Amino acid sequence: MTEYYYNWNMFSSEISMTRKIINSAFILIILLCGLFSLTGCFEFRHSPPPPNYDADKVLDLSGLWKFTIGDNMNWRMRNYDDSDWEEIKVPSSWENQGFHGYNGFAWYQKSFSFPQNTSDKNIYLHLGYVDDVDEVYFNGQLIGVSGGFPPYYQTAYNAYRRYYVPPEIINKTGDNIISVRVYDAELEGGIMSGNIGLYRAEGILNPNINLSGEWKFKTGDDSLWSQKSFNDSRWSRIFVPAHWETQGYKDHNGFAWYRKSFTIPEGYDEEKLILLLGKIDDIDQAFINGKFVGSTGIWQEGETPTEFNRNNEYLELRAYFIPDGVLNTDGENVIAVRVYDGFRDGGIYEGPIGLITQKNYREYW
């Protein structure tokens, strides 16, 4: 009995000591988590803006914007009358300006004149950080999307908004309208922070013929989808560049195709051109008018890719030389892009998107 009592006391003492160690470790973990959350080691509230993001500002757009809650796609139209809308400050949450507790859709609008004697090339709209989701129209044309709207909601509150503005949609002699559709799911909402304005970027690879914007899109895989004559009228529309997860395809991994119809402007008849497809997650094959023009990644005919991201293909800039005789300079052309995504984010997610002359491409590099 004495031996049993002695062993039990030893065992009980060991249990007590173990509990003390576990409790101490638990307290230490809690303290470290608190410290990391303060220093940002566990989570970054915001992704960093691009380098020198406040350089070469051509127009400051901070200040009062027109604003209304609700949702109506007619509000994106260039000539829509917003005279009965409220005015609120940008950047700032709408909760701080009389809309406390409001979650849901809202729209912002800003009218301005483009600065005289300023080039309209390489212009980017900086909207900073928007909580939670946004799509942006410049003179009625969609130029950017971040996050996913309901019913495929996905927040992008920590993404820095920087959207390319094609020069052909900028009005240099009159008013321009920026319309921003926003959805906020909880807590604060709106165009929250950042140096809001138009910026001119130097040293950026920009296409001579811009093809960013709405493309046709379909999940699945069929070799017929590469052909120019294929009827894609029933396909969905998707914004390029942006991940497909943020545009209604949140859980899709595997094959998908993009298609885009375009014409070649006058003056490029004798130019040799390169197709720029930016960055694609994960691998791709590109066709113009049914002709193969380039690919990135390991492809085996008739088989689902088993090797991707082997060499970080999703980070590679796609630039495909277009052989002579492929482009139609007198009519319609069709680009078809076959994409395979192995996991997580997928699609044509970052620009530049379009066609560039070989001369300008060489000079850039």
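Summary of computed values
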read-out	value
Test for L224: is it out of contact with any Phe, Trp or Tyr (no Cβ under 6 Å at 6 or more places or on another chain) and aliphatic (A, V, I, L, M)	no
Some residue of segment 219-229 being in a strand (DSSP E or B), in the same structural domain as L277 (by TED's automatic domain parsing) and either surrounded by 18 or more Cβ atoms within 10 Å (Cβ to Cβ) or touching a helix residue (DSSP H, G or I) at 6+ places or on another chain (Cβ under 9 Å) (or both)	yes
Criterion: farther than 20 Å from G248 by Cβ, within 20 Å of the chain's Cα centre (by Cα) and hydroxyl-bearing (S, T, Y) - qualifying residue of S193, S111, S212, S119	S193
Count - residues of segment 258-295 that are charged (D, E, K, R) and more than 21 Å from E313 (Cβ to Cβ)	8
Filter result (among the small types (G, A, S), touching a Phe, Trp or Tyr at 6+ places or on another chain (Cβ under 8 Å) and part of a loop (DSSP other than H, G, I, E, B)) within segment 182-204	A185, G189, G194, A201
Residue check, L327 of a type outside the set (S, T, Y), in contact (Cβ under 8 Å) with a residue 40 or more places away in the chain and in a loop (DSSP other than H, G, I, E, B)	yes
Cβ-Cβ under 6 Å pairs, at least 6 apart or on other chains, segment 56-71 side assigned by TED's automatic domain parsing to the domain that holds R162, far side of a type in the set (A, V, I, L, M) and surrounded by fewer than 17 Cβ atoms within 10 Å (Cβ to Cβ)	none
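The values are calculated or read from the model by the stated rules, or taken from the named source; none is laboratory data. Bear in mind the structure is a predicted one, so any value in this text is a computation, not a measurement. FYI the Cβ positions are ideal-geometry reconstructions off the backbone, even for glycines, and counts take in every protein chain you see.
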